[in-house]
Amino acid sequence: MFLTGRQTEILDLAKTQGRVLVEDLAARFSVTPQTIRKDLNDLCDSKALTRIHGGALFPSGNENVRYEARRSIAAPEKQAIGRAAAAMIPDNSSLFINIGTTTEAVGEALLEHKELMVITNNINVANRLRVYPSIEVVIAGGVVRGADGGIVGEAAVDFIRQFKVDYAVIGVSAIDEDGALLDFDYREVKVAQAIMANSRHVILVSDSTKFERTAPVRIGHLSQVHTFITDICPFEGIRGICQEHDVRLIETSSPG
């Protein structure tokens with residue numbers, strides 16, 4: 001496919017940021033939203049981008065977006081999700097936090113809590129929380145994944161299995177319409193499964209862009225969590241799964 005100069009720049013922005021939005025691009029290039037939508041449609045038709053409501057994502061398929069770029073995707077939504085999850089967790093609790101930019105937002109929102117024990121395979125969470133004397137941080141051993149600071153592998157799984165905690169805060173790379181929770185790295189999946197199995201209350205945190213993505217490795221199913229916090233749930237099928245299995249659904253962008 002031949003790309004115009006604007007389409008090339010849009011693709012470069014998507015590679016860097018992970019997501020581009022029609023309104024932002026229209027303002028950036030001083031063109032109409034209709035013009036940008038045509039550009040995005042052309043790029044999506046060529047499989048360079050994946051269309052979402054209001055914009056497009058990079059990449060599609062089995063490749064994950066770079067971790068630093070993922071931090072900028074839906075950042076305000078992740079912060080709101082983080083605050084909602086932290087509000088559920090009382091002082092004097094024990095909890096797991098796994099790897100992910102949304103789970104990091106939960107960790108950030110926990111800084112005012114007292115007497116927490118946080119067990120994590122996320123170096124970024126551990127480094128952020130370690131300076132707070134009212135939060136005890138326990139970090140898993142294992143292979144450190146250079147791309148995102150996640151600790152994965154059998155050693156991490158064995159470490160997690162030593163604990164039984166009050167709460168687990170887990171993130172995922174994608175959520176299928178049938179409720180399947182998906183990730184890219186089978187080693188991280190094993191850690192996430194151990195975290196879910198050794199927690200009394202599992203809190204899934206995920207912004208709505210995860211409904212637009214896919215990943216090849218199955219962590220589990222939405223029915224296995226107790227609370228699902230997202231900015232907005234666009235699928236009635238997902239709502240139905242939550243209702244059928246008594247999963248509390250919290251939408252932080254809901255007017256209620």
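Data table
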{"item": "Extreme residue, farthest from residue 227 (Cα to Cα), among residues of the range 150-172 that are open to solvent by less than 20 Å² (accessible area, probe 1.4 Å) and in contact (Cβ under 8 Å) with a residue 60 or more places away in the chain", "result": "160"}
{"item": "Per-region count, the range 175-198, residues hydrophobic (A, V, I, L, M, F, W, C), surrounded by 18 or more Cβ atoms within 10 Å (Cβ to Cβ) and within 18 Å of residue 226 (Cα to Cα)", "result": "7"}
{"item": "In the range 162-189, residue farthest from residue 91 (Cα to Cα) [restricted to those that are part of a loop (DSSP other than H, G, I, E, B) and of a type in the set (A, V, I, L, M, F, W, C)]", "result": "184"}
{"item": "Hits in the range 109-144 (condition: on the phi > 0 side of the Ramachandran plot and at pLDDT below 95)", "result": "142"}
{"item": "Residues satisfying the stated conditions in the range 220-241, i.e. of a type in the set (Val, Ile, Thr) and open to solvent by 10 Å² or more (accessible area, probe 1.4 Å)", "result": "232, 241"}
{"item": "Top-ranked residue of the range 13-23 - restricted to ones that are in a helix (DSSP H, G or I) and touching a residue at least 24 places away in the same chain (Cβ under 8 Å), ranked as surrounded by the most Cβ atoms within 10 Å (Cβ to Cβ)", "result": "14"}
{"item": "Residue in the range 190-205 that is among the β-branched types (Val, Ile, Thr) and either farther than 29 Å from residue 162 by Cβ or in a loop (DSSP other than H, G, I, E, B) (or both) present", "result": "no"}
{"item": "Strands (runs of 3 or more DSSP E) within the range 47-108 that include 2 or more residues open to solvent by 10 Å² or more (accessible area, probe 1.4 Å) and at pLDDT 80 or above", "result": "50-52"}
{"item": "Where a residue in the range 45-58 is over 17 Å from residue 34 (Cβ atoms) and polar (S, T, N, Q) and its partner, wherever it lies, is part of a loop (DSSP other than H, G, I, E, B) and open to solvent by 80 Å² or more (accessible area, probe 1.4 Å), with Cβ under 7 Å and at least six apart", "result": "46/1"}
{"item": "Count of the range 206-227 residues which are within 12 Å of the chain's Cα centre (by Cα) and either under 24 Å from residue 166 (Cβ atoms) or not in a helix (DSSP H, G or I) (or both)", "result": "3"}
{"item": "The range 242-255, residues that are open to solvent by 30 Å² or more (accessible area, probe 1.4 Å) and part of a loop (DSSP other than H, G, I, E, B)", "result": "245, 246, 252, 253, 254, 255"}
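The values are calculated or read from the model by the stated rules, or taken from the named source; none is laboratory data. Predicted model, so just to flag it, every value in this text is computed and none were measured. Every residue, glycine as well, gets a Cβ built from its backbone with ideal geometry; the counts of neighbours run over all protein chains shown. Ligands, DNA and RNA are excluded from the accessible area calculation, which covers all protein heavy atoms including side chains. Shrake-Rupley method; radii C 1.70, N 1.55, O 1.52, S 1.80 Å.
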